[in-house]
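Participant: First the structure, then my questions, so here it is.
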Amino acid sequence: MRIHYNLDLDNVTKKIKCRKCGHEICSGKENYKLHVPRAEVWPDEIKCGRRPLRNEALCCYYEYYCPGCYTMLDVEVSEQGAPPLWDIQISLGA
């Protein structure tokens, strides 16, 4: 079952998997972002438009990647050092 653009939930194992390479990331009961590589990108690293300097930035971008094929899974904007947002919470029943 598709749960995100590049993520599936395996109906048999109840594991979250990458749609591109099939890498099993974690149980569907967990926040997948805790189990994948996370890159911190500051606004001043993005080269288009006007961006605040790093010491003036109130937030940064966090990019999440599949550990099997490095397909980008998600991007979120948050304050530096914030824990990953748990934006996909799946109820698997009892």
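Laboratory data are not the source of any read-out in this text; all were calculated from the coordinates shown. What you are looking at is a predicted structure, and each value in this text was computed from that prediction instead of being measured. As a convention, Cβ positions derive from the backbone with ideal geometry for all residues, glycine included, and neighbour counts pool all protein chains shown.
Participant: When the Karplus curve 6.51 cos²θ - 1.76 cosθ + 1.60 is applied with θ = phi - 60°, which whole-Hz ³J(HN,Hα) does each residue of the range 7-24 get, with x for Gly and Pro?
Facilitator: Here the 3J(HN,Hα) series is 10, 10, 10, 5, 5, 8, 8, 6, 9, 7, 10, 6, 6, 7, 10, x, 4, 6 Hz.
Participant: Are there cysteines in the chain with no other Cys C-beta under 4.7 Å, and if so, which?
Facilitator: Result for the chain is Cys26, Cys48, Cys59, Cys60, no neighbouring Cys Cβ within the cutoff.
Participant: Further question on the same structure: Please report the base-10 log of the normalised intensity I(q)/I(0) for the chain, using a Debye sum with one equal scatterer per alpha carbon and no solvent, at each q in 0.10, 0.12, 0.15, 0.23 (1/Å).
Facilitator: Summing over Cα pairs of the chain leads to -0.31, -0.44, -0.63, -1.11.
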